[in-house]
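Presented below is the structure to which this report refers.
The values are calculated or read from the model by the stated rules, or taken from the named source; none is laboratory data. Since the structure is predicted, the reported quantities are computational estimates derived from the model, not experimental observations. A quick note on method: Cβ atoms are made from the backbone with ideal geometry, for glycine too, and the neighbour counts reach across all protein chains shown.
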Amino acid sequence: MALNTEGLTVDECNFFYDSENFSLENRISDYLRTHFPPHDWSSNTDIMLLTLESMMRWGGVVDELELACQLDQWRIHGSPDLDPMPGYFLSPFMKKVITTEGYSANPHGVAEAVYKQVKDEMSRGIYLTNSHDNSCLPSSLVLGIPCFYKHHEVEMNAERICKASHSDPVVRATCIFLSLLVASLLQGQKTKDVPVLGIVKELMQKVEETLTDKSEKERFQAAFHTQYEKFSHRCDVLTTLQMLMFALSSEQLDFKEHITRIVMQGGEGVCVHASVVGGVLGLILGYSNLPQDWLIQLPQENIKFLNSKLNLLLDLFGLP
């Protein structure tokens, strides 16, 4: 849904779309959206599914070198099962990292070098890319699944994959937090006596210990207490985190209401904002409580593709 409004202003969102009747059918056609088939999801979802596939091929084990090769192939050939066109990056920063020479052989080293380069550019007032953008966050959702019963492995996997594209410490902390949140919810830690916000607070306190810089720790903590509308960096990982906290703190967890509110904000990175908030809310509410009128708009080939990946995931867990 968020691909409908990626890169648009709030005024443009309100001009082109009706928040009361939001639909894939109404997606406008412009330069950005012509890179995707009708009703398709964004490249962020492609990258998330590549991460999940990579883990399943290795029995739940994360291998950043194997994933880096898969990302490089996706960049060139796209997704053969769905759209055999070259992968289109919504994130200029992730594109810069993955297209840098030597990436597939040394993703951590290349990502660190690009991070330092971009950080230096930003210190000189040159803002070409954002080294703490949110393009790595969708993968963090699926990294919390295979070893959800072992938090230390989830944390290690989340950090390894995050470092394959983003070296910023606050970005890594956010990735780890999201993966651990998914793992905790899969463990069934959410109960009447231990609500979601209780889990969030516990994980925040755990993850913030990975940050050694005082200002970075304060920025990370602030994301859990600041209303997202007050945060100016639209595609920053902390913006996504604030939107997630806004949703989880609401009296009613209404999936369609929260996702529509996010999508109608538009801006850079809105696809990731909606993916992360939708992913966590979907895990809490369950598939049966997702808006069916949205689900049926997905192309049949996408649904078949997702079902095949789900079956492989169930096989990995030994479930029927």
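Name the residues in segment 1-23 that are of a type in the set (D, E, K, R), farther than 14 Å from residue 272 by Cα and surrounded by 15 or more Cβ atoms within 10 Å (Cβ to Cβ), would you?
Selection gives nothing.
Return yes or no: is residue 10 out of contact with any helix residue (DSSP H, G or I) (no Cβ under 9 Å at 6 or more places or on another chain), in contact (Cβ under 8 Å) with a residue 12 or more places away in the chain and either under 25 Å from residue 314 (Cα atoms) or aliphatic (A, V, I, L, M) (or both)?
For residue 10, the condition - out of contact with any helix residue (DSSP H, G or I) (no Cβ under 9 Å at 6 or more places or on another chain), in contact (Cβ under 8 Å) with a residue 12 or more places away in the chain and either under 25 Å from residue 314 (Cα atoms) or aliphatic (A, V, I, L, M) (or both) - is met.
When only residues in segment 68-82 that are of a type in the set (S, T, N, Q) and in a helix (DSSP H, G or I) count, which is surrounded by the fewest Cβ atoms within 10 Å (Cβ to Cβ)?
73
Let's see how each residue does on (1) closer than 21 Å to residue 300 by Cβ; (2) modelled with pLDDT of 90 or more; (3) within 20 Å of the chain's Cα centre (by Cα):
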site: 6; (1), (2), (3): no, yes, yes
site: 19; (1), (2), (3): no, yes, no
site: 25; (1), (2), (3): yes, no, no
site: 28; (1), (2), (3): no, yes, no
site: 31; (1), (2), (3): no, yes, no
site: 34; (1), (2), (3): no, yes, no
site: 40; (1), (2), (3): yes, no, yes
site: 46; (1), (2), (3): yes, yes, yes
site: 53; (1), (2), (3): yes, no, yes
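Exactly one of (1) in a helix (DSSP H, G or I); (2) free of Cβ contacts under 8 Å to residues at least 60 places away in the same chain; (3) within 24 Å of residue 51 (Cβ to Cβ) is unmet by residue 189. Its number?
(1)
Residues in segment 122-146 that are assigned to a helix (DSSP H, G or I), of a type outside the set (S, T, N, Q) and within 25 Å of residue 314 (Cα to Cα): how many?
Residues that pass the stated criteria total 5.
Quick one: which of 215, 250 is assigned to a loop (DSSP other than H, G, I, E, B) and surrounded by fewer than 21 Cβ atoms within 10 Å (Cβ to Cβ)?
From the options 215, 250, the qualifying one is 250.
Select from segment 1-55 the residues that are in a loop (DSSP other than H, G, I, E, B) and in contact with a His (Cβ under 8 Å, 6 or more places away or on another chain) and list them in ascending order.
The one that is in a loop (DSSP other than H, G, I, E, B) and in contact with a His (Cβ under 8 Å, 6 or more places away or on another chain): 27.
Consider residue 62 carefully, then state whether it is more than 23 Å from residue 235 (Cα to Cα), in contact (Cβ under 8 Å) with a residue 40 or more places away in the chain and of a type in the set (Val, Ile, Thr).
So residue 62 fits the description; yes.
Considering only residues of segment 83-134 that are under 21 Å from residue 45 (Cα atoms) and touching a Phe, Trp or Tyr at 6+ places or on another chain (Cβ under 6 Å), which is surrounded by the most Cβ atoms within 10 Å (Cβ to Cβ)?
Ranking the candidates gives 133 first.
So if I check each of 142, 200, which one is of a type in the set (Val, Ile, Thr), under 28 Å from residue 118 (Cβ atoms) and under 18 Å from the mean Cα position of the chain (by Cα)?
Only one candidate passes the filter, namely 142.
Tally up the residues in segment 147-186 that are at pLDDT below 95, of a type outside the set (Ser, Thr, Tyr) and not in a helix (DSSP H, G or I), please.
3
Confirm whether residue 65 is surrounded by fewer than 18 Cβ atoms within 10 Å (Cβ to Cβ) and in contact with a strand residue (DSSP E or B) (Cβ under 8 Å, 6 or more places away or on another chain).
So residue 65 does not fit the description; no.
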